[in-house]
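Each remark here refers to the structure printed beneath this line.
The values are calculated or read from the model by the stated rules, or taken from the named source; none is laboratory data. For clarity, every value in this text was computed on a predicted model and none was experimentally measured. Cβ placement follows ideal geometry from the backbone for every residue including glycine, while neighbour counts extend to all protein chains displayed. For the accessible areas, the whole protein counts, side chains as well, though only heavy atoms, and no ligand, DNA or RNA atoms are used. Shrake-Rupley method; radii C 1.70, N 1.55, O 1.52, S 1.80 Å.
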Amino acid sequence: MTAPMVRIRELRCRFEGDGGPVDALRGVDLDVARGSFAAIMGPSGSGKTTLLHCVAGLRAPTSGRVELNGTDLAGLDETALARIRRRRAGFVFQAFNLLPALTAAENIELPLRLDGRRADPGRTASLLTSVGLGDRGAHRPEQLSGGQQQRVAVARALVTDPEVVFADEPTGALDIRSAREVLTLLRRLSDRGQTTIMVTHDPVAASFADTVLFLADGLVVDRLARPSAAAVAHRMATLVESAERAANVAGVR
Ligand code: ADP
Ligand code: MG
């Protein structure tokens, strides 16, 4: 048995809000196996984005352990966390976040340049080909469809050969066909050994993952292995129902 790529223990994250503290994560335990594709689902406000940010070194948790390929992120200062984000993590966002003035190829190379490294044109070309955009390297984002832009963003996430790709609602802004292209791409990368963690509210997107983890009220409450979209949708409906019931009870009190 090899050690998991991501290992989370007793992870807690509290926000100090105007209406008092909010416990976004209340003791999360979670392993993500090397080379696997994990989806995180849960009702709105259940802590999905907070969890992704803590694992990716974008936010310091209140307590608990987060290990990324054996490195404990707790106790690292901001400089060390920034280095991990640059070199060991890749990010895909809902809104693509490409720079409009740069070509697709230049966008892909940006994480290397920001890290003071030289880009290898051959590597950029092969990344473009691997996301199905071999002939689009000189195009600017506005000359590409949403699905093509998100595939450029996936190539950008891969350029540093990251240990984990983090995706927060990567298909949230796409039509069904483009979403399927991006999900097929993420699935294929994982089949080649890329560890991937994706937050999504879409049961179809989650059905592309090896494991689907369900969050509710800051805790992992269930997991399904290679589920169908229908099974995911069913589990989500139950969770949303009980979240609504809990909110109603709190409102009546
Ligand atoms: P999800 O992504 O599942 O919708 P989040 O992780 O964004 O959930 O939020 C979990 C909980 O933490 C919510 O109650 C949210 O209001 C709260 N929260 C998130 N970010 C902040 C913040 N910066 N300040 C205060 N509360 C926050
Ligand atoms: Mg969120």
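So, in the stretch 191-202, exactly how many residues are crowded, with 20+ Cβ neighbours inside 10 Å and more than 16 Å from ligand 2 (Cβ to nearest atom)?
3
Name the single residue, out of those in the stretch 51-66 being open to solvent by less than 20 Å² (accessible area, probe 1.4 Å) and under 15 Å from Leu219 (Cβ atoms), that is nearest to ligand 1 (Cβ to nearest atom).
Among those that are open to solvent by less than 20 Å² (accessible area, probe 1.4 Å) and under 15 Å from Leu219 (Cβ atoms), it is Leu51.
Pairs needed: first member in the stretch 157-174, free of Cβ contacts under 8 Å to residues at least 12 places away in the same chain and under 22 Å from Pro43 (Cβ atoms); second member anywhere, open to solvent by less than 10 Å² (accessible area, probe 1.4 Å) and of a type in the set (Gly, Ala, Ser); C-beta distance under 6 Å; at least 6 residues apart or different chains.
Within 6 Å, no pair qualifies.
For Arg85, only one of the following conditions fails: (1) in a strand (DSSP E or B); (2) away from ligand 1 (no atom under 16 Å from the Cβ); (3) in contact with a Gly (Cβ under 9 Å, 6 or more places away or on another chain). What is its number?
Every listed condition holds for Arg85 apart from (1).
Restricting the search to the stretch 100-110, which residues are touching a helix residue (DSSP H, G or I) at 6+ places or on another chain (Cβ under 6 Å) and either at pLDDT below 95 or open to solvent by 30 Å² or more (accessible area, probe 1.4 Å) (or both)? Please lay out each step first, then the result.
Step one: filter the stretch 100-110 for residues touching a helix residue (DSSP H, G or I) at 6+ places or on another chain (Cβ under 6 Å), giving 100, 104-105, 107-109.
Within the stretch 100-110, just Pro100 meets the criteria.
Here is a check on your reading of the model: is Ala157 hydrophobic (A, V, I, L, M, F, W, C), surrounded by fewer than 18 Cβ atoms within 10 Å (Cβ to Cβ) and part of a helix (DSSP H, G or I)? I'd like the intermediate steps shown before the answer.
Details: hydrophobic (A, V, I, L, M, F, W, C): yes; surrounded by fewer than 18 Cβ atoms within 10 Å (Cβ to Cβ): no; part of a helix (DSSP H, G or I): yes.
No.
Within the stretch 190-214, track down each residue that is among the aliphatic types (A, V, I, L, M) and without any contact (Cβ under 8 Å) to a residue 40 or more places away in the chain.
Matches in the stretch 190-214: Val204 only.
Just to be sure before I move on: is Asp210 open to solvent by 20 Å² or more (accessible area, probe 1.4 Å), modelled with pLDDT of 95 or more and of a type in the set (D, E, K, R) in the structure I sent?
Details: open to solvent by 20 Å² or more (accessible area, probe 1.4 Å): yes; modelled with pLDDT of 95 or more: yes; of a type in the set (D, E, K, R): yes.
Yes; evaluated as a whole, the condition is true for this residue.
For the stretch 25-46, enumerate the residues that are near ligand 1 (Cβ under 9 Å from one of its atoms) and either open to solvent by 10 Å² or more (accessible area, probe 1.4 Å) or outside any strand (DSSP E or B) (or both).
Within the stretch 25-46, Gly42, Pro43, Ser44, Gly45, Ser46 meet the criteria.
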